[in-house]
1. Would you mind checking Lys133/Lys290; Lys183/Lys248; Lys49/Lys93; Lys223/Lys263; Lys54/Lys137; Lys13/Lys290 for any pair whose Cα atoms are more than 26 angstrom apart?
2. Any chance you could run the full-extension gain for Asn4 through Tyr243? It's 0.36 nm times the residue separation minus the Cα-Cα distance, nm to one decimal.
3. Treat the count of other C-beta atoms within 10 Å as a stand-in for reagent exposure and order Asp39, Asp297 from fewest to most.
4. To the nearest 0.05, what FRET efficiency results for Asp92 and Phe36 with a Förster distance of 41 Å applied to their C-beta separation?
5. For Asp105 and Arg294, FRET efficiency with R0 = 22 Å and r from the beta-carbon atoms, rounded to 0.05?
6. With n ≥ 4 as the cut-off for DSSP H runs, can you work out [θ] at 222 nm for the chain, using -39500 (n - 2.57) per run divided by the number of residues, rounded to the nearest 500?
7. Sum up the charges of everything whose Cβ sits under 12 Å from the Cβ of Thr214, counting Lys and Arg as +1 and Asp and Glu as -1, but leave Thr214 out.
8. Would you kindly derive the ³J(HN,Hα) couplings of the range 162-169 from the backbone phi angles with the Karplus curve 6.51 cos²θ - 1.76 cosθ + 1.60 (θ = phi - 60°), listing them in order in whole Hz, with x for Gly and Pro?
Amino acid sequence: MIRNIQDEIIKIKRERDICILAHSYQAHEIIEVADFTGDSFQLSVMASKAKQKKIIMCGVRFMAETVKILSPEKDVWLANPVAGCPMAEQMDKELITQVRQQLPDYTVVAYINTTADLKTVCDVCVTSSSAVKIIQKIENDNILFIPDRNLGDYVAKQIPDKNFKFLQGGCPIHAAVTAKDVKRARESHPDALLLVHPECIPSVVELADFVGSTSAIMEYAEKSPAREFIIGTEVSIAEHLQYRCPDKRFYALSHNMVCPNMKITTLMDLYNCLNGDGGELIVLPEETIKGARRCIDEMIRLGQ
Ligand code: 13P
Ligand code: SF4
C-alpha cells in the first residue's frame, strides 16, 4: 500500500515537474520519495538551485518560509499547513523590537528556527552547524542570541571572549531530555558513543561524545569506525541511520524525542498536496521577504 502511494507520488512529481524537500525529521516513507533531504538550511539552498519552479516542503512552516525567501520567484507549498515549530513561534517581532531598544549595543543573532517576520528585525541568522563560525566573525562583542537558550549556551561556551545575552526560548522536544536519560541509555549500551544536538540542555550536552546539527550527527555516525551510537535528537535520525548503516547499531537517547510537528505530515498529505488538494502555498509580503533575506544573506556571507 505505502509502496503504491510512493510510486504514484514519484510519477506525479515527474509529470508536474515538482521538487519535494524533506527535513531529516520526516518519516522514512517521505524521505524515500524526496528529491532532497537534510537540515533546514541545506534544504533552502538546494531549493534555490533546483531547476523546478514548484517546491513542496515536508517539514515545518519556518522551513517553507526560508525556501520562499531564498527563491521568491518559485511556488512553495508546506505539505501540511498545521506543521509549525513551537520554538519558532515563541518570540515575535514586537518583543524583539522592544528588547533591541533596551540593548542598543547588541547584535541580534537569530537561529534559523524563527519566523520570516521575526527575521526582519534581526541582524543575522545562524544554523546549529554554522553558529560558532558566524558569531566569531561578527565584529561586535555583544551578542543577543534568540530564541534557543540551549544552543546559545553551547555557542557561548566556545566563544568566551564575547558577551552573550539570551531570552528563555528553546525546543520543547530536545530540552525535555535529562542527564538521567543519558545515564539510563549509557547503562543499557555501555559501548555506544553518545551524539547529541545542541538544542539539548547543557547538562546533557556536557556528557556527549559529539555535539552537532542533525546532518553533522548523521555524517559523524556514518564515518565513525565505532559500531554503536546513542542518538540524542529526534528519533527519526536513529531510524534513518539504521537504514543507511545496517551493520551498525543506533539507539534513541529517549523515546520521548518525537517532534509531533514534524510527524504531523503524512505521505497522504504529500500526495494530496501534489494533486493540488491540500497543503498551503506560502505567500509572504515583499517587505518581509526583503527584510528576512537581509538576515539570511548575512549568514551566507559570514558562513563562507
Ligand atoms: P537542524 O536540522 O538544523 O540540526 O535543526 C534541528 C531542528 O530541530 C529542526 O527543527
Ligand atoms: Fe521545532 Fe524542536 Fe520540532 Fe525542531 S524538533 S521542529 S525545533 S519543536
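No value in this document is a laboratory result; all are computed from the given coordinates. Just so we're clear, the structure is a prediction, and the values are computed from it rather than from any experiment. Cβ coordinates were reconstructed from backbone atoms using ideal geometry, including for glycine residues, and neighbour counts include every protein chain displayed.
1. On the way: Lys133/Lys290 24 Å; Lys183/Lys248 21 Å; Lys49/Lys93 30 Å; Lys223/Lys263 28 Å; Lys54/Lys137 35 Å; Lys13/Lys290 30 Å.
Table pairs above 26 Å Cα-Cα are Lys49/Lys93; Lys223/Lys263; Lys54/Lys137; Lys13/Lys290.
2. On the way: separation 239, 0.36 × 239 = 86.04 nm, distance 2.04 nm.
Once the chain is fully extended between Asn4 and Tyr243, it gains 84.0 nm.
3. Details: Asp39 22, Asp297 14.
Placing the least packed residue first, the sequence is Asp297, Asp39.
4. Details: r = 30 Å, r/R0 = 0.73.
Efficiency, rounded to the nearest 0.05: 0.85.
5. On the way: r = 20 Å, r/R0 = 0.91.
Taking R0 as 22 Å, the efficiency between Arg294 and Asp105 is 0.65.
6. Details: 16 runs with 137 residues, N = 304.
It comes out at -12500 deg cm²/dmol, rounded to the nearest 500.
7. Working: positive: none; negative: Asp39, Glu199, Glu219, Glu234.
Residues close to Thr214 contribute a combined charge of -4.
8. Here the 3J(HN,Hα) series is 9, 9, 10, 10, 10, 10, 8, x Hz.
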